[in-house]
Structures are given as structure tokens and as C-alpha cells.
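A.B. asks: This is the structure I want to talk about, given as C-alpha cells.
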Amino acid sequence: MTDYLIGLARKYAENYKGLPMLCWQGNILICINTLTIGICFFLSLYFVTIRHFTPSIAGLLLSCYGLGTVSGGLITGKLSDRFSPRRISIFSLLAQAVTFFLLTSLQSTFALMINLFFLGFSAYGFKTSNNVWMLGLCKNDALLRYKAISISHVAANFGLGLSGALIASMTTYGFQSIFCLSSLLLLCSALYLLFQNNTDVDIPLSIKKQHYDNHTNVSQRILLLVISCVFFVGLIIAQLGATYPLYIQESFPHLGINAVSILFILDTFLIVFFQAPLASMAGKQNKLLVTGLGALLMGLGMLVLSYSSIFFMAIFSCIIWTTGEMLFISTAQLLCYEQSSNQRKGQSLGLFQTVFASSNVIGPTLGGIIYQNWGGNLLWHCSMLIGIMCFFLCWYFSRTYTDTAS
């Protein structure tokens with residue numbers, strides 16, 4: 001039994017081997033960055049209960065943050081094609097550190113709007129430039145790139161989990177202390193990158209072009225398809241922070257907020273422990289088909305909610321849509337990178353982040369309207385329709401798609 005467990009542990013560890021050391025450093029930075037992004041989910045509580053703004057003003061401030069995320073991904077992606085992604089990551093981390101620190105002192109609504117815009121801009125700017133940097137380190141190895149982007153998804157979700165723990169443990173010290181600690185963490189991350197040996201980190205643009213000379217004939221149709229799927233699936237994902245908690249609390253009133261907490265903890269647990277093994281299993285499959293399957297599973301997971309009369313079914317639903325999320329996010333992001341020209345790798349990753357951020361801005365409003373007027377069941381059936389549509393489109397185009405990893 002012991003030998004079996006040891007062998008199983010070794011097989012599991014194999015899923016994390018092979019990444020360049022600098023990719024692991026990038027993943028640690030992703031974890032820290034996402035930890036601070038997670039704090040932004042609590043900003044509405046801070047503005048209403050601590051700063052005594054009205055909910056409408058708080059919503060306006062958070063809309064400025066959302067607008068910053070939409071702009072940050074695309075602009076920094078384009079910049080990453082022209083300049084060193086590492087340097088852009090440094091500037092993004094420094095900007096985040098400054099904006100978090102300014103949250104402790106800014107008073108006027110207008111100043112806070114500008115500050116939150118740049119907070120969102122720099123947060124998604126770092127996510128984009130750091131991913132361009134890490135994927136560049138993987139050179140021409142498609143399977144290694146898939147592993148790198150999958151483990152970055154693990155790091156991001158682990159950071160989100162840590163942000164909840166940070167908020168819970170530091171609430172008694174006040175939001176000012178939380179903002180200062182976030183600023184310090186981001187500043188240290190930026191200084192760490194700044195003082196690294198440039199020759200070990202930077203990948204000159206001329207070298208990057210040589211690495212991807214064999215990808216000159218890219219399919220713009222596939223890129224457009226993947227980006228479209230990212231937008232529509234993003235509308236489903238947006239419900240997890242909007243209508244999903246309301247539906248779960250109403251469906252299981254005896255559990256209350258604990259029901260939502262259990263499901264979100266389960267989601268994080270599944271991604272942290274099973275994202276890398278799942279990516280290894282899917283690594284040699286047709287990436288476009290895997291993307292469609294991920295979208296289908298996310299829609300199916302939401303549909304199961306309509307039939308969740310007992311909490312076990314809600315847990316089963318969570319397992320299904322989390323599996324879909326693990327398949328979809330990493331694979332779609334990798335396709336955006338691989339299906340773009342050598343001079344537009346960063347722009348394509350930035351477009352991924354921008355479209356995803358846009359759906360997260362539109363999704364809560366659209367989902368809220370459907371939920372309020374027609375109920376959650378219709379919303380989950382719409383999610384299933386989105387999943388089916390994305391799956392069949394990806395299946396259709398996958399028949400002529402040549403996978404670089406196969």
C-alpha cells in the first residue's frame with residue numbers, strides 16, 4: 001500500500017516537472033498579484049461600510065476598475081510585442097503598489113475613480129505581460145507552454161484563496177492595513193524583478209521571432225472563434241460572482257452563506273490539485289476540441305443547478321463546471337498565443353484578457369436582469385446553450401485544425 005501511494009505521488013509530481021526555473025518565479029509573482037486582485041472583490045464593502053459611500057457611487061468606482069482591466073490587457077499586450085515583457089511587468093507591479101497605497105489617503109470620488117482605473121489597468125497589464133514572458137521562456141515546445149499556462153492558472157486560484165484568508169485574518173486591523181500590506185507585497189515583487197540579471201530574464205524580440213518562424217501561417221478564423229468563445233464563456237463565469245451565490249443561498253437556506261463558501265473552497269481545491277494532471281492528460285489532444293469540451297462542461301455544470309434539490313447535486317455541479325473551467329481557460333489562452341503571428345503574441349494574449357474582462361463587466365448586469373425577471377433556472381439553461389454553441393463551433397473547426405502538439 002505504501003509503495004502504491006509513493007508511486008502515485010511520483011506520478012502526480014511528474015505533472016509539475018520540466019518548467020524552466022524562471023517560469024516558477026513567474027508563477028509565484030502571479031500568485032502574489034492575484035492575491036491583491038482578490039482584495040478588490042471586497043472594495044464595495046469597504047466603500048459602503050467604511051467610507052460611507054452610497055451603493056451607486058461604490059458601483060461607479062468599481063466600474064472604473066472594470067474599465068481599467070478591459071484597457072490594460074490589450075494595451076500592455078501590444079507593448080509586450082515591442083518592448084521587454086519583463087520590464088512591462090515591473091512597471092505594472094509598481095503601478096499597482098502605488099494605487100493600493102493611494103487607496104489609504106484619497107478622499108474625492110473623482111480621484112478614487114482615476115486610481116481604481118489604473119489599479120485595474122496595471123493588474124491586467126501584469127497578467128498579460130507576465131504570461132507573454134513565461135510562454136516565451138518555453139520556446140517552441142507546445143506541451144511545455146500548455147503546462148506553463150496551466151500551472152499559472154493554479155497559481156492564480158491559489159492566490160485568490162489566499163486573498164480570502166488575508167481578508168479574514170486582517171479585518172480587525174482595518175482595510176488600511178490590508179492596502180498597505182498589498183502595496184508592500186507588490187513593491188517587493190517589482191524590486192525582485194528589477195534587480196534580476198537581465199540576460200537571464202529578457203528574451204529579445206529578434207530571438208522570439210526566430211523561435212516562432214514555423215508559425216507564419218496562422219488561422220485568423222480560429223483566433224476569432226476562440227476569442228468569441230472566451231467572451232461567451234466569460235458571461236457564464238461572471239455569474240459566479242453575481243447571481244450564483246444568490247441562487248445557492250436561496251436554494252439551501254438552512255446552510256446560508258456556508259453553502260457558497262463550501263462550493264468556492266471546493267472550486268479552488270479542485271483547480272489547485274487537479275489542473276496540472278488534467279492538463280497533462282489533455283496536452284496531446286486537439287486543443288480546439290478540448291476548448292469546446294471545456295465550454296460544454298461549464299454549461300452542463302450550470303444546468304445541473306436547475307435540478308439541485310439536495311446540496312450533493314450542487315457539489316456535483318461544482319465538480320463539472322470546475323473541470324470545464326480547467327480545460328477551457330488554459331487551452332483557450334494557449335490557442336490565442338499559438339494562433340497569432342510572431343509579432344502579435346502579446347497582442348493576442350492581451351486580447352484574451354480584454355475580452356474576458358469585458359464579459360466580466362457585462363455578465364453580472366445581464367445575468368442580474370435575467371435572474372430578477374425570469375429566475376435562475378432560465379439563466380442556467382442559457383449557460384447550457386452557450387456551452388453547446390461553443391462546443392459545436394469548436395468541433396466543426398477542429399476537423400481542419402492542425403494541433404502543433406500532436
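A.B. asks: Just to be sure before I move on: is ILE362 touching a residue at least 60 places away in the same chain (Cβ under 8 Å) and surrounded by 22 or more Cβ atoms within 10 Å (Cβ to Cβ) in the structure I sent?
C.D. replies: So ILE362 fails the test.
A.B. asks: Suppose we filter LEU270, LEU288, LEU293 for residues that are touching a Cys at 6+ places or on another chain (Cβ under 6 Å) and either open to solvent by less than 30 Å² (accessible area, probe 1.4 Å) or assigned to a helix (DSSP H, G or I) (or both); which single one remains?
C.D. replies: Result of the check over LEU270, LEU288, LEU293: LEU288.
A.B. asks: Does VAL132 satisfy the criteria of being open to solvent by less than 50 Å² (accessible area, probe 1.4 Å) and under 13 Å from the mean Cα position of the chain (by Cα)?
C.D. replies: So VAL132 fails the test.
A.B. asks: While we're on this one: Of all residues in segment 303-355 being aromatic (Phe, Trp, Tyr) and at pLDDT 90 or above, which is surrounded by the most Cβ atoms within 10 Å (Cβ to Cβ)?
C.D. replies: PHE328
A.B. asks: Right, another one. Going through LEU67, LEU29, LEU60, LEU74 one at a time, which residue ends up being among the hydrophobic types (A, V, I, L, M, F, W, C), out of contact with any His (no Cβ under 8 Å at 6 or more places or on another chain) and closer than 19 Å to ALA97 by Cβ? Write out each step before concluding.
C.D. replies: Details: LEU67 fails: closer than 19 Å to ALA97 by Cβ; LEU60 fails: closer than 19 Å to ALA97 by Cβ; LEU74 fails: closer than 19 Å to ALA97 by Cβ.
Result: LEU29 is the single residue among LEU67, LEU29, LEU60, LEU74 that is among the hydrophobic types (A, V, I, L, M, F, W, C), out of contact with any His (no Cβ under 8 Å at 6 or more places or on another chain) and closer than 19 Å to ALA97 by Cβ.
A.B. asks: When you scan segment 223-282, how many residues do you find that are over 27 Å from SER358 (Cβ atoms) and among the charged types (D, E, K, R)?
C.D. replies: Summing the residues that are over 27 Å from SER358 (Cβ atoms) and among the charged types (D, E, K, R) in segment 223-282 gives 1.
A.B. asks: Mind checking which residues of segment 165-174 are open to solvent by 30 Å² or more (accessible area, probe 1.4 Å) and touching a residue at least 40 places away in the same chain (Cβ under 8 Å)?
C.D. replies: none
A.B. asks: Can I ask one more? Considering every residue within segment 375-393, establish whether at least one is of a type outside the set (Val, Ile, Thr) and modelled with pLDDT under 90.
C.D. replies: Scanning segment 375-393, I find at least one residue that is of a type outside the set (Val, Ile, Thr) and modelled with pLDDT under 90, so the answer is yes.
A.B. asks: I'm trying to understand the selection: among the residues of segment 273-285, which are open to solvent by less than 80 Å² (accessible area, probe 1.4 Å) and not hydrophobic (A, V, I, L, M, F, W, C)?
C.D. replies: Start the filter on segment 273-285 by keeping residues that are open to solvent by less than 80 Å² (accessible area, probe 1.4 Å), which leaves 275-280, 282-283.
Those that are open to solvent by less than 80 Å² (accessible area, probe 1.4 Å) and not hydrophobic (A, V, I, L, M, F, W, C): GLN275, PRO277, SER280, GLY283.
A.B. asks: Which of the residues that make up segment 91-120 are in contact (Cβ under 8 Å) with a residue 60 or more places away in the chain, touching a helix residue (DSSP H, G or I) at 6+ places or on another chain (Cβ under 6 Å) and surrounded by fewer than 20 Cβ atoms within 10 Å (Cβ to Cβ)?
C.D. replies: LEU94, PHE101, THR104
A.B. asks: Still on this structure: So, LYS17, is that one farther than 20 Å from VAL361 by Cβ, out of contact with any Leu (no Cβ under 9 Å at 6 or more places or on another chain) and not in a helix (DSSP H, G or I) or not?
C.D. replies: Considered against the rule, which asks whether it is farther than 20 Å from VAL361 by Cβ, out of contact with any Leu (no Cβ under 9 Å at 6 or more places or on another chain) and not in a helix (DSSP H, G or I), LYS17 comes out as yes.
A.B. asks: Has segment 20-34 got any residue that is open to solvent by 30 Å² or more (accessible area, probe 1.4 Å), of a type outside the set (D, E, K, R) and at positive phi?
C.D. replies: Taking every residue of segment 20-34 in turn, none turns out to be open to solvent by 30 Å² or more (accessible area, probe 1.4 Å), of a type outside the set (D, E, K, R) and at positive phi.
A.B. asks: For segment 109-201, give me every one of the helices (runs of 4 or more DSSP H) that falls completely inside it and has 2 or more residues that are under 30 Å from LEU61 (Cα atoms) and of a type outside the set (Lys, Arg).
C.D. replies: Values: elements: 109-137, 142-170, 175-194, 198-201.
Because the criterion is at least 2 residues that are under 30 Å from LEU61 (Cα atoms) and of a type outside the set (Lys, Arg), the helices (runs of 4 or more DSSP H) in segment 109-201 that meet it are 109-137, 142-170, 175-194.
A.B. asks: Can we say SER206 is of a type outside the set (A, V, I, L, M, F, W, C), open to solvent by less than 30 Å² (accessible area, probe 1.4 Å) and at pLDDT below 85?
C.D. replies: Criteria not met by SER206.
A.B. asks: Let me ask something else. Please go through segment 250-265 and pick out each residue that is within 25 Å of the chain's Cα centre (by Cα) and surrounded by 14 or more Cβ atoms within 10 Å (Cβ to Cβ).
C.D. replies: ALA259, VAL260, SER261, ILE262, LEU263, PHE264
A.B. asks: How many residues are of a type in the set (A, V, I, L, M), free of Cβ contacts under 8 Å to residues at least 24 places away in the same chain and either under 28 Å from HIS153 (Cβ atoms) or open to solvent by less than 10 Å² (accessible area, probe 1.4 Å) (or both) when one looks only at segment 44-77?
C.D. replies: Summing the residues that are of a type in the set (A, V, I, L, M), free of Cβ contacts under 8 Å to residues at least 24 places away in the same chain and either under 28 Å from HIS153 (Cβ atoms) or open to solvent by less than 10 Å² (accessible area, probe 1.4 Å) (or both) in segment 44-77 gives 2.
A.B. asks: Right, next: Do we have any residue at all in segment 365-379 that's hydrophobic (A, V, I, L, M, F, W, C) and under 22 Å from TYR124 (Cα atoms)?
C.D. replies: Checked against the condition, which is being hydrophobic (A, V, I, L, M, F, W, C) and under 22 Å from TYR124 (Cα atoms), segment 365-379 yields no hits at all.
A.B. asks: While we're here: Looking at the structure I just gave you, is SER80 part of a helix (DSSP H, G or I), open to solvent by less than 20 Å² (accessible area, probe 1.4 Å) and either farther than 25 Å from LEU184 by Cβ or polar (S, T, N, Q) (or both)?
C.D. replies: Here the answer is yes, as SER80 does meet what is asked.
The values are calculated or read from the model by the stated rules, or taken from the named source; none is laboratory data. Fair warning: this is a prediction, and the values are worked out from it, not measured in the lab. Ideal geometry is used to build each Cβ from the backbone, glycine not excepted, and the neighbour counts take in all protein chains shown. Note: areas computed on protein heavy atoms with side chains; ligands, DNA, RNA excluded. Shrake-Rupley method; radii C 1.70, N 1.55, O 1.52, S 1.80 Å.
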